[in-house]
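Colleague: If you scroll down you'll find the structure; I have some questions about it.
The values are calculated or read from the model by the stated rules, or taken from the named source; none is laboratory data. For clarity, every value in this text was computed on a predicted model and none was experimentally measured. No Cβ is skipped: glycine too gets one built from the backbone with ideal geometry, and neighbour counts run over all protein chains shown.
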Amino acid sequence: MNRIFLFIYNHRTFFTFIVLEVFCTWLIIQNNQYQGAAFFNSSNQFVAGINSFSSDVRNYFALRDVNQTLAEENVALRKKLEQYSQQMSAVHENAAYDSNFIHRYDFVSARVISNSVDRFKNYFTINKGARDSVKAGMAVISEYGAIGKVKITSKNFSVVSSLLNTDVMVSALVKRTGHLGSAQWDGDDANCVYLNFIPRHVKPIKGDTITTSGYNAVFPENILIGVIDEVGQRDEEPFLTIRVKLAQDFRKLSYVAVVKSTYKQEIDSLQHKIELLNR
């Protein structure tokens, strides 16, 4: 404290000058309309700039909560859309619809906490696990389309095999022609997969939409996978070579939804029985 007083005393002339300058400035502002208006306009602009910067900082740190809320709303809307789609399909076919069948899919919002795209077998981790009823084999989708299947789970987290995994195959449909194939990554370009088993007589074209077929209990039907980027064929091959540009950029995965299928266990059980009977 003594050093502070000593510092002020040694520089008393300077501090006196500062006080007098401030006092004179105040007198000018108080007694001159033009200078007063100019000062208050400048001060208001400065304060507004500070407030704007402070608001931007607060909004930036609130983005995670906003994104989480939007992701949960998207999941709720997707669930309603899926149910509505199934109901309208039954109406168009003049068929009675089963309420349980329409509600066969549920969705759980999750956030991606780690991801890889540069390996032959890529995975990403989400912050939902067994505690949220997430199980191995469940489909995972993003706002852009199908992105993978749950591989393993713990209490609070799950590891998902992404479409950029050479072991993952997804039943796919050329929407314009209605032909079925299988979407699979070849381990090369992280932006594309290949649509396999499309016969040579089919005439897909560049730009055709590729979606999930719905021919299994994992992915709902009509979930976007991507669009055809290139179509080729080899003389010795019975199938076309079709490259599909993925709808989802896997380098930008953030919020996703896990698809919970009510009938998956029942269908898997039937398929297992068939396999046993064929042995």
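Colleague: For the stretch 136-156, what are the residues that are under 25 Å from ALA247 (Cα atoms) and part of a loop (DSSP other than H, G, I, E, B)?
Modeller: Those that are under 25 Å from ALA247 (Cα atoms) and part of a loop (DSSP other than H, G, I, E, B): ALA136, GLY137, MET138, SER142, GLU143, TYR144, GLY145.
Yes or no, residue by residue, for (1) touching a residue at least 40 places away in the same chain (Cβ under 8 Å); (2) not hydrophobic (A, V, I, L, M, F, W, C):
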| site | (1), (2) |
| --- | --- |
| SER171 | yes, yes |
| THR177 | no, yes |
| SER182 | no, yes |
| GLY187 | yes, yes |
| PHE197 | yes, no |
| LYS203 | no, yes |
| THR212 | yes, yes |
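Colleague: Which count do you get for residues in the stretch 111-132 that are surrounded by fewer than 22 Cβ atoms within 10 Å (Cβ to Cβ) and either of a type in the set (Val, Ile, Thr) or more than 22 Å from ILE223 (Cα to Cα) (or both)?
Modeller: Going through the stretch 111-132 one residue at a time, the tally reaches 15.
Colleague: Still on this model: Let me confirm something: among VAL202, VAL174, which residue is at pLDDT 95 or above and assigned by TED's automatic domain parsing to the domain that holds ILE126?
Modeller: VAL174
Colleague: From (1) in a strand (DSSP E or B); (2) farther than 30 Å from ASP235 by Cα, pick out the condition that doesn't hold for LEU180.
Modeller: If we test LEU180 against (1) in a strand (DSSP E or B); (2) farther than 30 Å from ASP235 by Cα, just (2) comes out false.
Colleague: Go through the stretch 157-177 and report how many residues are more than 19 Å from ASN122 (Cβ to Cβ), part of a loop (DSSP other than H, G, I, E, B) and not hydroxyl-bearing (Ser, Thr, Tyr).
Modeller: 2
Colleague: Now, a different point. All but one of (1) within 21 Å of LYS175 (Cβ to Cβ); (2) part of a loop (DSSP other than H, G, I, E, B) hold for ARG234; which doesn't?
Modeller: (1)
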